[in-house]
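What follows is a set of notes on a single structure, which appears directly below.
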Amino acid sequence: MLSAKKSGNRKGKPAASAPKSAAGVSASGGLSVDELKAKAKLLRRHIIEMTAEAGSGHPGGSLSSADIVTALYFRVLRHDPSKPHWPDRDRFILSKGHAAPLLYAALAESGYFPVDELLTLRRLGSRMQGHTDRGITPGVEMSSGALGQGLSFGIGVALAARLDGKKHRAYVLMGDGECDEGQVWEAAMAAAHYKLDGITAIIDRNNLQIDGWCCDVMNTEPLPDKWRAFGWHVIEVDGHDIEQLIDAFEQAKSVKGQPTMIIAHTVKGKGVSFMENKAEYHGKPPTAEQAKRALKELE
Amino acid sequence: MAEEISTRKAYGHTLVELADKNRDIVVLDADLSPSTMTDLFAAEYPDRFFDCGIAEQNMMGIAAGLAASGKTVFASTFAVFASGRAYDQVRMSIAQPRLNVKIVATHGGISVGEDGFSHHAIEDLALMCSLPNMTVVVPADANEASQAVRVAAETPGPFYIRLSRPKTPLIYGEVDRDYRFVIGRAVTMRGGADATVIATGIMVEPALRAAETLAKEGFDLRVLNMHTLKPLDEDAVVTAAKETGAILTVEEHLLQGGLGSRVAPVVAKNHPVPMAFMAIEDRFSSSGKPNELLEQHGLTAEGIAGQARQLLSRKG
């Protein structure tokens, strides 16, 4: 039987950036905005390399969320890659599980596991599963891939924190197409009903889903009004502007008695010109030649 | 006549008893707490009870998030909603990641009665047994339900415990006062060498009565209480096949995917003997009084005795 540990061509060393962080300190805390932008570009490069190598996967929605995830992992989250089960860590819950390549890239660059392992994406025995698996990948909080379930999970995390008098937060990243799922709105109601200010949710509003433009497939507009009507504090930002994202995350922490939804306006495939605003790259990897072009654009 | 208590009532009281000592217990319900009897817990421990409203899918996700944060979560609703309405949430968020969620589903089977097919879970055991990592338990009476809930609270990982709506007779106490529920270990309720009746849930009690009837006719039936459908006590099944030479399964569930479907391959693979299966045929149920419905499907002591006689005649 193949085991994850035997797989791949890892060289067995964590990323050089793995910090000796004290509990309670953002693991990669001190990055400047320029450094964060560079980090986002690096994550995008990983996404291209991983999906090209795997020959399958979801580059479009991974690229659109890259700045959001960068802001979280390298500035906002209180986490410690050397202790993935630290009880007081903030939890990042990837509800749009198809953006797994992005999450793996962020986890590897944070130091949860070696960067080399990223290229085993989707291989038999790899810890880099096609969609996330809580049981086998260090730092992955939730198994996902069936859409609509992360916000409910986040409610559970935030309720537990409140019961235990803890300060850690639940961050839930969702897709805009994902908002077609009924469970999302069950959770939307519940989080507000429980007055859960320990949740910050983010919608990657890239306006595209597999079958085309969201407004044509299933129109969820007016999206911000819907969340407000459900009792949420809503912030809209440019989802590719790191500073706006950080400000929004900070603002969310100060909101009391209600959950916060950050609607991040993004471009699907962001950073790779021929993938931008193309629904087809939701679940289509770049060819070797396209990957070369993409990586050049991401230099 | 033995005292009658519903398994769901035992659940409600047991939760309250456990909650004081085990501060990690959190209970969720989906707007059915007076029926699932989690209202008893809610009254005593309101801080650790969350009503999720009529939103079972969300409830299972919340349960998963709480469990991932170290809580022992009991999530309750009717069996038909717990298993069917929220199947994918149970699969994705609870079973696959092996989270510590105890789905305690009341109102299993047709003994729900008058509410009719929409409220009769006749396929829940098939659905829950189909999930890797899931432990599936159907207690035979209130005492066993109470013990099963206690054991589940102490045992990490996902559970599906199916309980019943009507009051049913207590069957332990008479059999063995020191009985201890052990996951995956069938209980020999009655020894016998002519054939074995393997029953689960509230079918164990009529199976015992059927065995008494046949004893008067000179036949010695073994009765096994298969309270855990998954993991199945394969040793008990194989031993029964070898020692009694015929097996009859009895369940308040569709034949496909339930007790009979789980026992048959074990017999076929290890020691083939004549078998018969009492279950609900491949159709949806309807309204009626619990006893009328059970009778309609032959799930009575008389029905079991009749099937046992036929099986014994096939044994040759």
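Structure notes:
- Fewest-first ranking of A:215, B:52, A:179, B:129, using other Cβ atoms within 10 Å as the exposure measure: A:215, B:129, A:179, B:52
- Backbone geometry of the stretch A:143-159 corresponds, through the Karplus equation with coefficients 6.51, -1.76 and 1.60 at θ = phi - 60°, to 3J(HN,Hα) couplings of 6, 9, x, 8, 5, x, 9, x, 5, 4, 4, x, 4, x, 4, 6, 5 Hz, x marking Gly and Pro.
- The stretch B:189-287: antiparallel DSSP beta bridges as a percent of all, rounded to 5: 5 percent
- Here the translational diffusion coefficient of the protein assembly as shown follows from Stokes-Einstein with Rh set to the Kirkwood radius across Cα pairs; for 4 °C and 1.567 mPa s it amounts to 50 µm²/s.
- Measuring nothing but how far apart in sequence close Cα pairs (under 8 Å, 6+ apart) lie, relative to its length, the stretch A:33-297 scores a relative contact order of 24 percent.
- For the residues of B:50-60, the average number of beta carbons from a partner chain within 10 Å of their own beta carbon is 6.
- In chain B, Cα pairs under 8 Å separated by at least six residues give a relative contact order of 17 percent.
- Comparing mean-square fluctuations of B:269, B:230, B:242 from a GNM of chain B with C-alpha springs under 10 Å, the top value falls on B:269.
- Dipole size of the protein assembly as shown about its Cα centre, with +1 on Lys/Arg Cβ and -1 on Asp/Glu Cβ: approximately 2040 debye, rounded to the nearest 20.
- Per-residue ³J(HN,Hα) for the stretch A:238-243, Karplus 6.51 cos²θ - 1.76 cosθ + 1.60, θ = phi - 60°, Hz, x for Gly and Pro: 6, x, 10, 9, 4, 5
- Packing-based exposure ordering (other Cβ within 10 Å, fewest first) of B:220, A:133, B:233: B:220, A:133, B:233
- From its DSSP helices (H runs of at least four residues, each -39,500 (n - 2.57)), chain B gives a residue-normalised ellipticity at 222 nm of -11000 deg cm²/dmol.
- Number of partner chain Cβ atoms within 10 Å, mean per residue of B:70-80: 1
- Cut-off under 5 Å, modelled amide H: who pairs with residue A:262 long-range: A:201, A:202, A:203, A:235
- Of B:180, B:283, B:162, the one that fluctuates the most in a GNM where chain B has Cα springs shorter than 10 Å: B:283
- Short-range pairs are left out: with C-alpha atoms under 8 Å and at least six residues apart, the relative contact order of the stretch B:187-315 is 29 percent.
- Rounded to the nearest 500, the 222 nm mean residue ellipticity of chain A from helices alone is -10500 deg cm²/dmol, with -39,500 (n - 2.57) taken per DSSP H run of at least 4 residues.
- Amide H contacts of residue B:108 (H built 1.01 Å from N, under 5 Å, at least 5 apart or other chain): B:79, B:163, B:164, B:165
- For A:46, B:119, order by how many other beta-carbon atoms lie within 10 Å, fewest first: B:119, A:46
- Table column - 3J(HN,Hα) (Hz), the stretch A:226-234, Karplus curve with 6.51, -1.76, 1.60, x for Gly and Pro: 4, 5, 4, 5, 7, x, 9, 7, 10
- In the elastic network of chain B, a GNM with C-alpha springs shorter than 10 Å, the most mobile of B:78, B:284, B:49 is B:284.
- Long-range HN-HN contacts of residue B:250 with modeled amide H, under 5 Å: B:198, B:199, B:200, B:278
Coordinate-derived values only; no laboratory data. Here the structure is a predicted model, which means the values were calculated and not measured. Reconstructed Cβ throughout: ideal geometry from the backbone, glycine too, with neighbour counts over all protein chains shown.
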